[in-house]
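Just so it is clear, none of the values below were taken in a lab; they were calculated from the coordinates. None of the values given here were measured: they were computed from a predicted structure. Glycine also receives a Cβ, built like all others from the backbone with ideal geometry; neighbour counts cover every protein chain displayed.
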Amino acid sequence: MDYLSLGIDLLLTGILVTIAFFIVVAKDNLSAIILFIAYGLMMGLAWVRLSAPDIAIAEIALGAGVTGAMLIHAFAQVTGGLDHVKIAFDQFELPRLARAWLSVCCALVVIGLMLTVLLMFKHNHSLVDVVNAQMPNSPVKNPVTAVLLNFRGFDTLMEMAVLFCALCGTLILTDAHVPKTHHERPLLRLLALVLAPPMILFSGYLVWVGADSPGGAFQAGALLASAAVLLFIAGFIKRPEKITMPYKVFSIIGLGCFIGMGAFLAMSEEVFLKYSSDGALQMLLIELGSMVSIGTILFLLLLLGKSKQFDSMS
Amino acid sequence: MSSYVIYGLSACCIFGLGMFSLMANHDLIRKIIGFNLAGSGIGLLIVSLAKGPGAVSVDAVSHTFVLTGLVISIAATALYLSIYVRLKQEVNHEHDPSAHHQ
């Protein structure tokens, strides 16, 4: 192994651990959130170094982008009017001794994990050989997409269900308020006009190319959600006062396509989600439904939770 | 020292820092950030362990685990944040009933 890649790896992991340390010891919440977004971007680079480009795209789009945006929305909603409000455990600050003891325990856990890493890497317990043996039978050439949709299709089905449940939970808990004023922002409108159409096009491309190269439904869905948020901020999409039928249809279509395709295959192939000779087309249909659904669900998750106060300031 | 060992060790540190933030920080948003940090560290650990010696091809199953875990952490974070915001609103309403409900 040459020194250049060793140097890059050491530098990258050094940056990652340093950012994580400063997230923990940050003075106020906004610094921690912004550092977290920077951490997500650096993690994307780490994923690329570990030969995982699918995870890199997903981490930057979802981990840094969507999670960062959600944290900032929640923070913006809570500061302003609700800053002075203290929940019971806000006032409970750990005494110094307890904090020190806690850090010692965490350090012991970390050391134990490190020993495990150093000892365990000798044995390769993964399922790589099983997957590679089955890859010629799979309609798609990208192994990650094959595992996601074909070999471990149930997990992805449950994942869509989890997203939908999170949406239901958020819808129950928060109220959507109509903004009082709407400020004109011509530069933002221009940005949205220029950026949103290529983003939507590129998300379709990501789904299509996910069969053979890094890509797939989740990355495409995240990109679609980002385009929707951009259009919303610029004012092209109005905030939904109540969740109307198009939103409902788009949210459920991912889960619906999955279960529907599984049921159809159960009738024709006698096993739920056993792909027939037309496997690539069936997977693409499932992925298209998932992409639309993920985009809508992430967009709604980002939106709901803005209060009336925040809207009047935007 | 191979690359996966470096990433594995730093993943342990990130996980430890995330867990510490989750337990020690008193503000709820910092706990949520710590939870995300810990999840990300575990993902890094899984993928770097899969890239051990003798791994000639890409380990798709580990990548899928991490991808699924990433999406589920977002769903969980969204739910936690809406609980957090609603909690602050309800406590505000309780302390100051004259304030109009946010």
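Of the residues B:LEU28, B:LEU70, B:LEU87, the one that moves most in a GNM of chain B with alpha-carbon contacts below 10 Å is B:LEU87.
Sequence-distant contacts, meaning Cα pairs under 8 Å at least 6 residues apart, place the relative contact order of the stretch B:4-63 at 39 percent. Over the protein assembly as shown, DSSP H runs of length four or greater, each weighted -39,500 (n - 2.57), average out per residue to a 222 nm ellipticity of -24000 deg cm²/dmol. Counting Lys and Arg as +1 and Asp and Glu as -1, what is the net charge of the other residues whose Cβ lies under 15 Å from the Cβ of B:ALA75? In short, -2.
Which is the longest run of chain A containing none of the GluC sites (Glu not before Pro) found in DSSP loop states (not H, G, I, E, B) with at most 13 other C-beta atoms within 10 Å? The segment A:1-92 is the longest one with no such site.
Using only alpha-carbon positions in the stretch A:20-77, the gyration tensor eigenvalues give semi-axes of 23, 14, 5 Å once each is multiplied by 5 and square-rooted (largest first). Across peptide B:44-51, the average count of Cβ atoms from other chains found within 10 Å of a residue's Cβ is 6.
For the stretch A:207-267, evaluate the Debye formula with one uniform point scatterer on each Cα (no solvent term) and list log10 I(q)/I(0) at q = 0.15, 0.21, 0.22 Å⁻¹, rounded to two decimals. The calculated log intensity ratios at q = 0.15, 0.21, 0.22 Å⁻¹ are -0.68, -1.01, -1.04. So how far, in whole Å, is the C-alpha centre of the stretch A:213-252 from the one of the stretch A:146-169? Cα centres, the stretch A:213-252 to the stretch A:146-169: 18 Å. Mean per-residue shielding of peptide A:105-117 is 6, counting Cβ atoms of other chains within 10 Å of each Cβ. Put in order of Cβ neighbour count within 10 Å, fewest first, the listed residues A:LEU281, A:LEU230, A:LEU224 become A:LEU281, A:LEU230, A:LEU224.
Which net charge results when you count Lys and Arg as +1 and Asp and Glu as -1 among the other residues whose beta-carbon is under 12 Å from that of A:GLY221? Net local charge, A:GLY221 excluded: -2.
Working note: Karplus 6.51/-1.76/1.60 with θ = phi - 60° gives the stretch B:81-93 the couplings 5, 5, 5, 4, 5, 5, 4, 5, 5, 5, 5, 4, 5 Hz, where Gly and Pro are set to x. For the options A:ASN132, A:ASN29, A:ASN150, a Gaussian network treatment of chain A with springs between C-alpha atoms closer than 10 Å singles out A:ASN132 as fluctuating the most. Pairs of lysines in the protein assembly as shown whose Cα atoms sit within less than 25 Å of one another amount to 28, provided the residues are eight or more positions apart or on different chains.
For chain B, what D do you get in µm² per second when you plug the Kirkwood radius from alpha-carbon pairs into Stokes-Einstein at 20 °C and 1.002 mPa s?
The Stokes-Einstein estimate is 136 µm²/s.
Convex hull volume of the Cα atoms of the protein assembly as shown, normalised per residue: 151 Å³.
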